[in-house]
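Down below is the structure, laid out as structure tokens.
Computed from the coordinates by the stated procedures, all read-outs in this text should not be read as laboratory data. Predicted model, so just to flag it, every value in this text is computed and none were measured. Heads up, the Cβs are rebuilt from the backbone with ideal geometry, glycines too, and the neighbour counts pull from every protein chain shown.
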Amino acid sequence: MSSTVLITIISLSTLGLLAAIVLFFVARKFKVYEDPRIDQVEEALPGANCGGCGFAGCRNFAEALVKAESFEGLNCPVGGSDTMKSAAEILGRVAPEVEPRVAVVRCNGTPEHSPRTNSYDGAPNCTIAHSVYGGETGCSYGCLGLGECVDACDFDAMYMDSVTELPVIIDDNCVACGACVRACPRDIIELRKKSKKERKIYVCCVNEDKGGPARKACKVACIGCGKCQQVCEFDAITIANNLAFIDSDKCKFCRKCEPVCPTGAILELNFPPRKPKEEKEAKVEA
Amino acid sequence: MNKLLKISPSPHVTGKETTGKLMFGVVIALLPALAATIWFFGWAALLVTAVSVVSCVIFEFLITKYILKKTPTINDGSAVVTGLLLAFCLPVNLPVWIIIIGALVAIGVAKMTFGGLGNNPFNPALVGRVFLFLSFPVQMTTWPVPRGFATGYADAETGATALSILNENYDKGNIDSLLNTPGSELPGYSQLFWGEMGGSLGEIAAFALILGLIYMLAKKIITWHIPVSILGTVAVFTALLWLANPSSNIDPLYHLMSGGLLLGAIFMATDYVTSPMSGRGMIVYGIGIGVITVLIRRFGAYPEGVQFAILIMNAFTPLINTYLKPVRFGEEVKHG
Amino acid sequence: MLKTFPKGGVHPPENKLSSVSPVEVLPTPQQVVIPVSQHIGAPASPVVKKGDMVKAGEVIATGQGFVSANIHSSVSGKVLKIDKMPDSTGYKQLSVIIDVEGDEWDPAIDRSETVVREISLSAEEIVKRCNAMGIVGMGGATFPSHVKLSVPPGKKCDILIINGVECEPYLTSDHRIMIERGEELLTGVTIIMKALGVERAIIGIENNKPDAIENLTSLAAAFSGISVQPLSVKYPQGGEKQLIRALIKREVPSGKLPIEVGTVVHNVGTAVAVYEAVQKNKPLIERVVTVTGKDLARPCNLLVRIGTPVADLINFAGGIPESTAKIVNGGPMMGKAISTPEVPVTKGTSGIILFTEEEAVRNPSGPCIRCGKCITACAMGLEPFLLMTLASRALTERMEKERIMDCMECGSCSYICPASRPLLDYIRLGKQLTGKVIRERSHK
């Protein structure tokens, strides 16, 4: 009996020892040198692996930072300036100042504004619906309402509003990683510069049709009339393909464009109410 | 026409087959075996089956609704099939509380922890059965002798199954004499075929199981690959053993009809979720089950090995699915 | 045992409601909307302008490049405007809108009924004529036919296959053509044979069309080298690769064209269009469209001018029934649902099907039970369940390895799935993603 136990102990220990020796030499032989700073930089990053930086994950981004000559064009939108500064400290470089951004959904095609003309019965996936047809409304540019952007969001910063059938962004949670922008097959979501008190003023439409058909499909469509461009004093507004666009880097929040818009396609959010005039009804609270 | 037109990608027509209908088909295919077992074991058999089915359905309902917080999926009928199959591999005098534990393990552990229907790697009914087998070895291996309709639930006379008698006698080398002696306790071929012998609920009546197989093949619920490859492998393997040494091996026909082999090959191994999906894969899987079954039966400590064989091959299913793909178009006929 | 393809396939209910209705001529509409892109390949470019008067058969847009097709006016009248109009997908497409005035045809077109069997043009002239006349594949894929009428250098073609399978349920337009226009059809086949320089042609027809088989078999006796082969009924037999496998037992390798195995496939409708173009100088300005549906008053086959609104066809067949829940342009397995009957008929419109609520609405999808029925149904030997999972995770590399690009989108997998999973929806998505990756790689 005791000899059986002894044999077992000896044979298993020998086996373990042998395996340990093999592993030791294999580990030595195949060791890959890695810059220790990669680990340090990775520590400093948020670790969400959201891909907002354009790399597959935080580790890849850390590798890119260590390799890069300068931080130009490299930014972690989630961590923002603070993270980039601490990464720069580790590597002894300077991080350029980056403006924080926030995602906005540029479509206001609620069932009320944009009547449904058919009902979609396919797989609940925006990209699939987009490749099948123009959508449930007469507008073939607007939101399909199947929530692929919401699924793409890793930060609980989006939800689908069941009444408007549009995605809503929760500004406090949004880190501008851009996952929703990439997920949307129709390029409806845009990352805009974040302003104080979450103020926003933007053209809430991406319809490139001419005024008539656009308006027919949706009451609040941009018809590309150019009135907003005329009143803008900062050259922030451009008109292309029957569609106005307010550049958030140039916009000074003067609020002149919003009242002139004949269709209410321009939205301003989180501003104090205008004194002389009453609030426009087409407002959506984010 | 005041409703909105529907839009969806093609195809715009769908077949009549649904998950529920397929599961219902399996239940129908199991009915002959249920009838046979009630005939031989009396209402006790119905009691065991009912307890098993009802507790499987209830556990599935409770777990989906209160733990997973999803819409209960009991309508698809998969819990009913699990319950039936679990009952079919239990002895008829098993206490009710043990059956309920078996159902809990089958549904709760083997199925729901992996995400419910379609995600479980192992056949739930078999996991439940093996769990009970290892936890309650005594209760799980006392087999009542069939005494017909009037058999009471607890007063059954118990005896050994064909395979356990064989298991004790393989090494003694007296199998042929055992089979040919009139009045020996080893059941004869007709008993095996009609089911008048000791054993778990569903495995006794070979003819009823074969009826089920014919029904499922005719209704295209399963394909021939798995049952045929399992039974074929067992037949070939046991034939070789038998021809080599007839005195310490039983013939292939006896092997095919005894124990849980038919039940396993027809109903358990063919479980959609846990079996390979391509024809080639199914054949490899079936051969694996056949070989392991015979190895356990003939050379292992247990008299019956089909349940373990199926569970072992279940574990290989993902591997088989990865490496044995269906033959792609353009690979069969080479031209030009 | 009748011939068929061995791998996969399904048997949807045939529902050929209109198979006994002879082709009727639909009256010319008030206005036509003719998209400049009705074919696979580069859109044509308009050559008329607002206010121009056009005759039926006049070129209104010319094809751009080799894989493209000319577009002709299907009516006579005045060009109202050239504008973006929603096509059957709901996306806007450049179209020529013509207000119909009278019905004056281009004088070069021979409109007589007589069948001209003598082929005077040479092989090159045939190809050129078909190109000029805007002939495209009439089976639904709308691939410009002239591309498939000449054998590429270095390749050999020894047999022509004519697709008279019409395996899609409901559709009967090819069926009617084979019965009513047999002689023209066979002359068209002879023309294609001449263009390709082949001696032999087989017309494959499923045996649910015995009258068509009989008609063509008796007529074919007078044509050299053409034979008719009945096939057993199985979807998707009309798929090019499946048909070739069924008829001549050759398998087209993955990612290759039929010419790789020495054959070319044309549809019966295309053969008639080729006949008209070559012998009658008539461009592709009208086609036979099946209008059908279980609750439709009068399922029928109509000869329709290209650009006619679908609504006109439905009205002719008895109007939209109250129960209609979905209108499909094409067959029920591969056609496209349209959101409004105002969209025009194009060169690829083989049928208009009105589905009732019961037929049209998809069942809610359940979890995959790994029954493997999609694998059994796939005629290309793929694993749809796996491709769906890979597509929803955008794993393009795996998808390419699992041969997702072999999928011809026949829909058998979605049809058979007992859990009603939208397999093909996701496989299409996967094909898009994978195709993009492959294209990017080849550009590098």
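Please compute, over every Cα-Cα pair in chain C, the percentage with a separation greater than 43 angstrom. Could you put the intermediate results ahead of the total?
On the way: 9329 of 98346 pairs.
Of all Cα-Cα pairs in chain C, 9 percent lie more than 43 Å apart.
Working from the pairwise distances between different alpha carbons, so that the mean of 1/r is found and then inverted, what is the range B:250-336's Kirkwood radius in Å? Working shown, then result.
On the way: mean 1/r = 0.0711 Å⁻¹.
Radius from the Kirkwood sum: 14.1 Å.
With the cut-off at 18 Å, report for the range C:143-200 the share of all Cα pairs above it, as a whole percent.
Numbers: 739 of 1653 pairs.
Everything past 18 Å amounts to 45 percent.
Kindly provide the Kirkwood hydrodynamic radius of the range B:162-323 in Å, to one decimal, from all pairs of distinct alpha carbon atoms. Each step should come with its number before you reach the end.
Working: mean 1/r = 0.0626 Å⁻¹.
After inverting the pairwise mean of 1/r, the radius is 16.0 Å.
Using every alpha carbon pair in chain A, what percent of pairs falls into each 5 Å bin from 0 up to the bin containing the largest distance?
1, 5, 10, 12, 13, 12, 10, 8, 6, 5, 4, 3, 3, 2, 2, 2, 1, 1, 0, 0, 0
In whole Hz, with x marking every Gly and Pro, tabulate ³J(HN,Hα) for the range A:41-55 from phi via Karplus 6.51 cos²θ - 1.76 cosθ + 1.60, θ = phi - 60°.
With the stated coefficients, the range A:41-55 comes to 5, 4, 4, 6, 7, x, x, 7, 6, 7, x, x, 7, x, 10 Hz.
With just the Cα atoms defining each centre, how far is the range C:100-175 from the range C:393-421? Give it in Å.
The range C:100-175 and the range C:393-421 have Cα centres separated by 33 Å.
Whose amide H sits under 5 Å from the amide H of A:Tyr159, counting only residues 5 or more places off or on another chain, with H placed in the peptide plane?
Result for A:Tyr159 returns A:Val168, A:Ile170.
Give the Cα extents of the protein assembly as shown along the principal axes, in whole Å, largest first.
Sorted largest first, the three principal extents are 105, 88, 60 Å.
If we restrict to alpha carbons, what Rg and Dmax does the range A:36-91 come to, in Å?
9.6, 25
Measure nothing fancy, just the Cα-based angle from helix B:19-41's long axis to the longest principal axis of chain B, in degrees from 0 to 90, nearest 10.
Computed tilt is about 20 degrees.
Of the residues C:Ala61, C:Ala360, C:Ala277, which exhibits the maximal mean-square fluctuation in a Gaussian network model of chain C defined by a 10 Å Cα contact cut-off?
C:Ala360
Tell me, what are the semi-axes, in whole angstrom and largest first, of the equivalent ellipsoid of the range C:373-443 as set by the roots of 5 times the Cα gyration tensor eigenvalues?
Values: eigenvalues 92, 25, 17 Å².
For the range C:373-443, the ellipsoid semi-axes come out as 21, 11, 9 Å.
Taking a Cβ-Cβ separation under 4.7 Å as the criterion for a possible partner, which cysteines of chain C have none?
Cys with no partner Cβ under 4.7 Å: C:Cys130, C:Cys157, C:Cys167, C:Cys300, C:Cys368, C:Cys371, C:Cys378, C:Cys407, C:Cys410, C:Cys417.
Provide, as a two-decimal number, the C-alpha radius of gyration of the range C:100-224 over 2.2 N^0.38 Å, N being how many residues it has. Don't skip to the end; give the middle numbers.
On the way: Rg = 15.8 Å, N = 125, 2.2 N^0.38 = 13.8 Å.
Rounded to two decimals, the normalised Rg is 1.14.
What list of ³J(HN,Hα) couplings, whole Hz, do you get for the range C:130-140 from phi and the Karplus terms 6.51, -1.76, 1.60, once you set θ to phi - 60° and write x for glycine and proline?
3J(HN,Hα) across the range C:130-140, in whole Hz: 5, 4, 5, 8, x, 6, 10, x, 8, x, x.
What is the log10 of I(q)/I(0) for the range A:101-146, computed with the Debye formula using one identical point scatterer on each Cα and no solvent, at q = 0.26 Å⁻¹?
The Debye formula, applied to the Cα set alone, gives -0.99.
When the gyration tensor of chain B is built from Cα positions, what are the square roots of 5 times its three eigenvalues, in whole Å, from largest to smallest?
Equivalent-ellipsoid dimensions as semi-axes: 35, 27, 17 Å.
Take every Cα-Cα distance within the range A:123-281, group them into 5 Å bins from 0 onward, and report for each bin the whole-number percent of pairs it holds.
1, 9, 16, 19, 21, 17, 11, 4, 1, 0
Given the C-alpha centroids of the range C:62-92 and the range C:266-299, what is the distance between them in whole angstrom?
The range C:62-92 and the range C:266-299 have Cα centres spaced 18 Å from each other.
Starting at 0 and stepping by 10 Å, how many percent of the alpha carbon pairs of the range C:1-137 end up in each bin?
The distribution over the range C:1-137 is 10, 28, 29, 23, 8, 1, 0, given as percents.
³J(HN,Hα) across the range B:259-276 via Karplus (A = 6.51, B = -1.76, C = 1.60, θ = phi - 60°), whole Hz, x for Gly/Pro?
Per-residue couplings from phi come out as x, x, 4, 5, 4, x, 5, 8, 10, 8, 5, 7, 3, 3, 5, 9, 10, x Hz.
Search the structure for amide H atoms under 5 Å from the amide H of C:Leu231, placed 1.01 Å from N in the peptide plane, and list their residues when 5 or more places away or on another chain.
C:Ile205, C:Glu206, C:Asn207
Where does the range A:27-186 land on the Kirkwood hydrodynamic radius, alpha-carbon pairs, in angstrom? Each step should come with its number before you reach the end.
Details: mean 1/r = 0.0557 Å⁻¹.
Hydrodynamic radius (Kirkwood, Cα only) of the range A:27-186 equals 18.0 Å.
Principal axes first, then extents: for the Cα atoms of the range A:74-155, list largest minus smallest coordinate on each axis, whole Å, largest first.
59, 25, 18
How big is the range B:19-140 along each principal axis, measuring the range of its Cα positions in Å and listing the largest first?
41, 33, 22
So what does the Cα-only Debye profile of the range A:1-70 read at q = 0.12, 0.13 Å⁻¹, as log10 I(q)/I(0), no solvent term?
Cα-only, vacuum Debye calculation for the range A:1-70: -0.57, -0.60.
Using the per-residue mean of other Cβ atoms lying within 10 Å as a proxy for protection, in what order, highest first, do the peptides C:177-185, B:186-194, C:100-108 fall?
Values: C:177-185: 22.2, B:186-194: 17.4, C:100-108: 14.0.
Taking the mean over residues of other Cβ atoms within 10 Å, the ranking is C:177-185, B:186-194, C:100-108.
Could you give the distance between the Cα centres of the range B:283-312 and the range A:10-45, to the whole Å?
Their Cα centres are 40 Å away from one another.
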